[in-house]
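The values are calculated or read from the model by the stated rules, or taken from the named source; none is laboratory data. Remember, predicted model here, so these are calculated numbers, not experimental data. Note that each Cβ is placed from the backbone with ideal geometry, even for glycine, and that neighbours are counted across all protein chains shown.
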Amino acid sequence: MIYFIGGTKFREFKYFEILNKFREEKQNISESFFDAELKEDGIFLEKVSTNSIFSAKELVVLKRAQKIKKFEAFLKHIADLNIMNKQIVIDYEKEDGKLNNELKKTLDELEKDKKIKSFLFLKNEDIEIQNYVMLELKINKKEASSLLEMIGQNPFKVRNEVKKIKIFLNGEKFDLKKIKNIISLEKEYKIYEMTREILSDKANKILLYLEQTKEYMGVLYSLYSELEILYKIKMMKNDGKKFSSNYNTFKTQFEKVKEAFKVNNRIPNSYVIFKKLELEKNYSLKNLKNLVYRSWEIENNIKMGKIEMNTGVEKLIMEISSLYQKS
């Protein structure tokens, strides 16, 4: 059978799932990998064309098939071969998720004729990666979202981190606090943590860390983004919107206002916004409005060379600290 896996980076979970399935079904299965980017599609074709009734089961994989010119004709040719004792996996990366009409038509025809099984991932949705984490670690959606926020969504990294966590827990129940010290945090998450510390009036230790890492602009952009979200929440509350401190209730409330939090055509996870409620209550509407403006002003002044990067960011942090729980 031929397995075609195409689309965005999230396809990689199906790719690994299929490979692992074959390895479990047939231990010590012979494996051959070819890369179309290295012009190995010709050798791959030779491999799948060679048959013997006495040969053992084989797994034959072609990576980066999107590099092949006239790929539709190439795929039809493989599908028409009399292939014996081989499981063929074709990996086709298309990061924007847009397959051309001719390829879609070819896949539909071959699947209808039961010559191929295709798995398409045409949207940048994290459902596959989230489901994988939930299944492997036996955790709920909220826990999976929090973990992915920490480690990022690169499929290869997620698989490695999940394996590391399983070995560490050794059958024990998942505990986010317990595993935090053994996982490799994304730089973005470290910046996110620093931002929360600043907005929680715990800025002193952050200033030393910033001096060592020089992540001034990362923290500035993160603060700017966080303050804008807190300001939106505060404005909604000011207009009479109610937000529950119970997450299950909040999820329903969030559905009615989620469009307001959309960034780059993506709506954030409801839990991400829920976590902002505990920060928003510490700042007044007037002060949040001023801090959003100050974030913009300081960024602009840094870019125009009117103020040093470290001076500008440290000044903003001190201003945030001075307005904590002030009306």
Next item on the list: Output the residue which, of all residues in the range 51-68 that are farther than 30 Å from residue 8 by Cα and surrounded by 12 or more Cβ atoms within 10 Å (Cβ to Cβ), is modelled with the highest pLDDT.
Entry: 51
Item checked: helices (runs of 4 or more DSSP H) wholly inside the range 132-187 containing at least 3 residues that are at pLDDT 85 or above and surrounded by 16 or more Cβ atoms within 10 Å (Cβ to Cβ) -> 141-151, 155-169
Margin query: Looking at the range 66-83 only, could you name the residues that are out of contact with any Phe, Trp or Tyr (no Cβ under 6 Å at 6 or more places or on another chain) and either not hydrophobic (A, V, I, L, M, F, W, C) or not assigned by TED's automatic domain parsing to the domain that holds residue 101 (or both)?
Written below: 67, 69, 70, 72, 76, 77, 80, 82
Notebook entry, point to check: If you check 80, 91, 96, which single one turns out to be surrounded by fewer than 15 Cβ atoms within 10 Å (Cβ to Cβ) and within 29 Å of the chain's Cα centre (by Cα)?
Noted result: 96
Check: Tally time: how many residues in the range 99-113 are in a loop (DSSP other than H, G, I, E, B) and surrounded by fewer than 17 Cβ atoms within 10 Å (Cβ to Cβ)?
Finding: 2
Check: Has the range 74-84 got any residue that is modelled with pLDDT of 90 or more, of a type outside the set (Ser, Thr, Tyr), within 20 Å of residue 11 (Cα to Cα) and assigned to a helix (DSSP H, G or I)?
Finding: yes
Notebook entry, point to check: Of all residues in the range 44-93 being among the acidic types (Asp, Glu) and in contact with a Lys or Arg (Cβ under 7 Å, 6 or more places away or on another chain), which is nearest to residue 22 (Cα to Cα)?
Noted result: 58
Next item on the list: Go over the candidates 262, 214, 202 one by one and state the one that is surrounded by fewer than 14 Cβ atoms within 10 Å (Cβ to Cβ), under 22 Å from residue 148 (Cβ atoms) and modelled with pLDDT of 85 or more.
Entry: 262
Margin query: Just checking: which of the helices (runs of 4 or more DSSP H) contained wholly in the range 244-327 hold 1 or more residues that are more than 30 Å from the chain's Cα centre (by Cα) and in contact (Cβ under 8 Å) with a residue 40 or more places away in the chain?
Written below: 285-303, 309-322
